[in-house]
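Chemist: Dropping the structure in here first, questions after.
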Ligand code: PGA
């Protein structure tokens, strides 16, 4: 179990120039309550990264992106490099979210290359893994997720975060059961120790998929759950703050 819990908001394709109020409320809470046992991240769409950074200037909140390219620069229309993200103030970057794996055909090999590019640029990659409903129903969830870990995580650098997000739990309100989360996070921890040795014990493993203000505390208390990757509930200040608060409570 890592020492610090990490709560990361994944705004997906949401947010606008009007999101300053949302950021300010979260920022105010973090400045007064966060302490050093919990870290908070916000990952808005690319065009808002610089602005959210400005809106939360000198805040403990880490700003991040939702994707990056695996090259530093070049002829890649529509893509954004990790180097530029770092330059505009990003600290973290979500890589291999299931929506990118399924909607953009991203393979674990590509996810690994992107994670390497992020590390090289000085960003912390949040590498996402998770099984589909069919994979769970056919009894293959653990095998699928451990394969994704093996192929998506750069073996030479443990400075990563892993997010376990069952695809069927994302945006559905169907959160995974505490037993399923416990089982999968323990399996992921064992795999990370196999890959990284002692360093694998310190890698934060986040749970994602329908985390909300009500279920956060129970999830965050689970062994080997070192935080949460939050979609829908990160767009409402009271909900996201309640999740951060739950992380603070379970850390004390
Ligand atoms: P959700 O999304 O919290 O809306 O289920 C989580 C995610 O996709 O990261």
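A short reminder: the numbers here are calculations on the coordinates, not readings from a lab. Bear in mind that the values here come from a model prediction, so they are computed numbers and not experimental data. Virtual Cβ from ideal backbone geometry, glycine too; neighbours counted across all protein chains shown.
Chemist: What do you get for Rg/Rh over the chain if you use C-alpha atoms and the Kirkwood form of Rh?
Modeler: 0.93
Chemist: With a cut-off of 15 Å, note down the residues of the range 14-48 whose backbone N falls inside the zone around a label point 7 Å from the Cα of residue 57 toward its beta carbon.
Modeler: Flagged as within label range: 24.
Chemist: For all pairs of alpha-carbon atoms in the range 176-227, what percent lies in each bin of width 10 Å, listed from the first bin to the last filled one?
Modeler: 26, 51, 20, 2
Chemist: What nm value, rounded to one decimal, do you get for the distance between residue 199 and residue 252 when each label is placed 7 Å out toward the C-beta?
Modeler: 3.5
Chemist: Follow-up question, since we're still on this one. Could you sort the peptides 202-209, 123-130, 20-27 by per-residue average Cβ neighbour count (10 Å cutoff), highest mean leading?
Modeler: So the peptides 202-209, 123-130, 20-27, ranked by packing, come out 123-130, 202-209, 20-27.
Chemist: I've got another one for you. Between the range 1-72 and the range 177-224, what is the separation of their alpha carbon centroids in Å?
Modeler: Comparing the Cα centres of the range 1-72 and the range 177-224, I get a distance of 21 Å.
Chemist: 7 Å from Cα along Cα→Cβ at both residue 79 and residue 190: what's the point-to-point distance in nm?
Modeler: Each label point lies 7 Å from its Cα, and together they span 3.7 nm.
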